[in-house]
Amino acid sequence: MESFFLALSLALGFLTLLTLYRAIAGPTVVDRIIGTGVIGTKTTVILILIGFIYRRVDMFVDIAIAYGLLGFIATLAASKFFLYSKSIDPGTRPAKDRGTGA
């Protein structure tokens, strides 16, 4: 059974790398945010599978829950940030968001 969980973890790791490509080279900001959310979800599942492999599911479930919660909060924060700024580059923000300055 350990070999099954190990193979499943390796397959999910490979799929996470494919999702990383979408998170880096996504054509829109929404694709990048969704890509990072999917990476967080797959990493949570991989942590649970590692817990099955080491026969310490109780410890790895706690770690996976904390990681999943942090990933969810980061996704919400990034969504809120891009809702108002539309870009990472401060020079491309709308004039009303830049402030008056002197």
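The values are calculated or read from the model by the stated rules, or taken from the named source; none is laboratory data. Treat the numbers as computed from the prediction; the structure is a model and nothing was measured. Every residue, glycine as well, gets a Cβ built from its backbone with ideal geometry; the counts of neighbours run over all protein chains shown. These accessible areas exclude ligands, DNA and RNA; they are computed on the full protein's heavy atoms, side chains included. Shrake-Rupley method; radii C 1.70, N 1.55, O 1.52, S 1.80 Å.
Just a few scattered comments:
- Across the stretch 41-52, the number of residues qualifying as open to solvent by less than 70 Å² (accessible area, probe 1.4 Å) and in contact with a Phe, Trp or Tyr (Cβ under 7 Å, 6 or more places away or on another chain) comes to 7.
- Every pair of residues 6+ apart whose Cβ atoms lie under 7 Å, when the first sits in the stretch 16-34 and is under 18 Å from Ser85 (Cβ atoms) while the second is aliphatic (A, V, I, L, M): Arg32/Ala23; Ile33/Ala78
- Helices (runs of 4 or more DSSP H) wholly inside the chain that include at least 1 residues being modelled with pLDDT of 90 or more: 2-25, 29-54, 57-85
- Inter-residue pairs, beta-carbon under 7 Å, first more than 22 Å from Phe52 (Cα to Cα) and in the stretch 64-79, second among the hydrophobic types (A, V, I, L, M, F, W, C) and in a helix (DSSP H, G or I), 6+ apart: Thr75/Ile33; Ala78/Ile33; Ser79/Ile33
- Taken over the stretch 53-82, the criterion of being open to solvent by less than 50 Å² (accessible area, probe 1.4 Å), within 12 Å of the chain's Cα centre (by Cα) and of a type outside the set (S, T, N, Q) is satisfied by Gly68, Gly71, Ala78.
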